[in-house]
């Protein structure tokens, strides 16, 4: 099974069944979905019956929490199914409507359950502790209740919480508008490929074109991509500005000093983790520029442009890697994690967990998602190359994390945070890289893989940190009363690129538009977790390779832990302390060592 080769993307109906995920494992039909939708609607009045009585007794508290979980689990499954069906082809009106209905239902659920936290917080901590001791069933909720109490300074009276909960659908609007514009409405022009054929540019093919050995193809793809986004710049700026204003609004009404602090508080992560990351990466920018110089020299260029950053600098090595070969390679690479991990991995890779190839209207990029009680799913837009094999390993890391957590934890602790999620995904990438470097004896191929490893550092640590800095600056501007105009957004982003890349690269004017196509910016302060996660994964994967079973046990326990502890504590148990700059320093020391290897090979 290979990626579709026709120049026009195939329709969803033309994709072979073996290339599609099996969402029927979640709901056998839309009618089954409708039944659960109706059931949630019927359950909502029942949870409301606890309002004003929740803390009357330990039994009442337990029953209220259990009912909350039952409703939330069903509502999340309804949304996941509808959204993933829509992601198959964003132009299908049926699933657009189902997604809208599920989004509205989640808002209703949020409003109906909004009284829980204020009523718990209205009680004295001693009362909560007494109830925990009175009813053994409540012990399951100890961590959940303690986390609720942690939010006391930022939780409003019940009526205000219910009002805020009702804004959920409206608050999600900027993200929804961006997705519809980006995935359904935006059309890209054709460009000529290496052979002179007219090929339609898509988001999925863009990365492939940037890796081309033909500089003309790279430049054409770059200019065509950003030329398209420039046409929508005013709309995209207004959409992103609305998203940032939403973040600032919720932070202020909940009495946080800033939107950044509000976001970090959810994971109980100190603000120093965010600022330490940016400061540490800035200290290592000379190493990044050393790498860019190596890249420029190896490509034989007089000047390095932004469209030259992704093409492999060791040519003639990358080859087509069909999906089946990528699957076999990933399985071999992850053998150090033991039989239990491998057995489940193989099941996921062969049991329709994955939607493999790009089709017309399909959501771009890649993700792992699902709902409690059903195996995880993975969306790919697979192209037959090395980078996409790493994407497969990355997303299966997320999927395996979900599997182990849900197999071990009750629903209430099944929602692990993104801070730890990005560890599980990039951990797999590190093991895959180690495996590939061990297998090849060809010096040229080894250099190609080292280059790929350097690119992983550049795009995951340096680039995501630059994204994080952009988010921090744009939110600060709004908090200071400034308007996020297209000109200001492009100016901030251009200056950041000059800081990170300007010493060795030409910062093309078009790169100032890149912020406008990054979907992650609509989930505030998300991207820094890629950088911290990659740093943690670098340390943990080295421990597994060097220590063997003890490190594997720690790591698998981490995957099983869900949210029974906060991210910093979970990672500390696995063997890395993210409260200090040390893991980021250690990861960037690995980057510098790889740069030295490339420099020596060049000499």
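Counting the residues of the range 80-97 that are farther than 15 Å from residue 363 by Cβ and surrounded by 19 or more Cβ atoms within 10 Å (Cβ to Cβ) gives 0.
Mind counting the residues in the range 401-417 that are in a helix (DSSP H, G or I) and surrounded by fewer than 19 Cβ atoms within 10 Å (Cβ to Cβ)? Walk me through it before giving the result.
Taking the range 401-417 and keeping what is in a helix (DSSP H, G or I), we get 401-408, 411-413.
Filter again for surrounded by fewer than 19 Cβ atoms within 10 Å (Cβ to Cβ), leaving 407-408, 411.
Qualifying residue count for the region: 3.
What about residue 192, is it without any contact (Cβ under 8 Å) to a residue 60 or more places away in the chain and either in the same structural domain as residue 296 (by TED's automatic domain parsing) or more than 30 Å from residue 79 (Cβ to Cβ) (or both)? The answer is yes for residue 192.
Going residue by residue through the range 135-144, is there one that turns out to be surrounded by 14 or more Cβ atoms within 10 Å (Cβ to Cβ) and outside any helix (DSSP H, G or I)? Yes: the range 135-144 contains one or more residues that are surrounded by 14 or more Cβ atoms within 10 Å (Cβ to Cβ) and outside any helix (DSSP H, G or I). The numbered conditions (1) assigned to a helix (DSSP H, G or I); (2) under 24 Å from the mean Cα position of the chain (by Cα); (3) buried (at least 17 other Cβ atoms within 10 Å of the Cβ) are all true for residue 551 except (2). Could you please let me know if residue 54 is crowded, with 19+ Cβ neighbours inside 10 Å, at pLDDT 95 or above and within 30 Å of residue 178 (Cβ to Cβ)? Answer is no for this residue.
Whether a residue is modelled with pLDDT of 95 or more, within 30 Å of residue 508 (Cα to Cα) and not in a helix (DSSP H, G or I) was assessed, and residue 288 does not pass this test.
Residue-by-condition table, conditions (1) assigned to a helix (DSSP H, G or I); (2) in contact with a strand residue (DSSP E or B) (Cβ under 9 Å, 6 or more places away or on another chain); (3) more than 22 Å from residue 100 (Cβ to Cβ):
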| residue | (1), (2), (3) |
| --- | --- |
| 177 | yes, no, no |
| 191 | no, yes, yes |
| 204 | yes, no, yes |
| 207 | yes, no, yes |
| 213 | no, no, yes |
| 218 | yes, yes, yes |
| 226 | yes, no, yes |
| 229 | yes, no, yes |
| 238 | yes, no, no |
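Checking every residue in the range 465-479 against the condition of being at pLDDT 95 or above, in a helix (DSSP H, G or I), closer than 30 Å to residue 560 by Cβ and touching a helix residue (DSSP H, G or I) at 6+ places or on another chain (Cβ under 8 Å) gives at least one match. As a summary of the residue check, residue 280 satisfies the conditions (1) in contact (Cβ under 8 Å) with a residue 24 or more places away in the chain; (2) closer than 21 Å to residue 375 by Cα except for the one numbered (2). If you filter the range 303-320 down to residues that are over 12 Å from residue 211 (Cβ atoms) and modelled with pLDDT of 95 or more, you find that the one that is farthest from the chain's Cα centre (by Cα) is 303.
Among the residues examined, residue 525 does not qualify as crowded, with 20+ Cβ neighbours inside 10 Å and either assigned to a helix (DSSP H, G or I) or modelled with pLDDT under 95 (or both). If I filter the range 560-570 for residues that are closer than 15 Å to residue 430 by Cβ and in contact with a helix residue (DSSP H, G or I) (Cβ under 6 Å, 6 or more places away or on another chain), do I get at least one hit? No, the range 560-570 contains no residue that is closer than 15 Å to residue 430 by Cβ and in contact with a helix residue (DSSP H, G or I) (Cβ under 6 Å, 6 or more places away or on another chain).
Of 330, 273, which residue is within 21 Å of the chain's Cα centre (by Cα), under 24 Å from residue 397 (Cα atoms), assigned to a helix (DSSP H, G or I) and not assigned by TED's automatic domain parsing to the domain that holds residue 213? Outline the logic, then answer.
Numbers: 273 fails: not assigned by TED's automatic domain parsing to the domain that holds residue 213.
Just a single option satisfies the conditions, and that option is 330.
Taking every residue in the range 132-147 that is more than 30 Å from residue 269 (Cβ to Cβ) and pairing it with any residue that is at pLDDT 95 or above and surrounded by 17 or more Cβ atoms within 10 Å (Cβ to Cβ), at least 6 positions away or on another chain, the pairs with Cβ-Cβ distances below 6 Å are 134/58; 135/58; 135/62; 137/62.
The values are calculated or read from the model by the stated rules, or taken from the named source; none is laboratory data. Everything quoted here is computed from the prediction, not taken from an experiment. With ideal geometry, Cβ positions are generated from the backbone for all residues, glycine too; neighbour counts draw on all protein chains shown.
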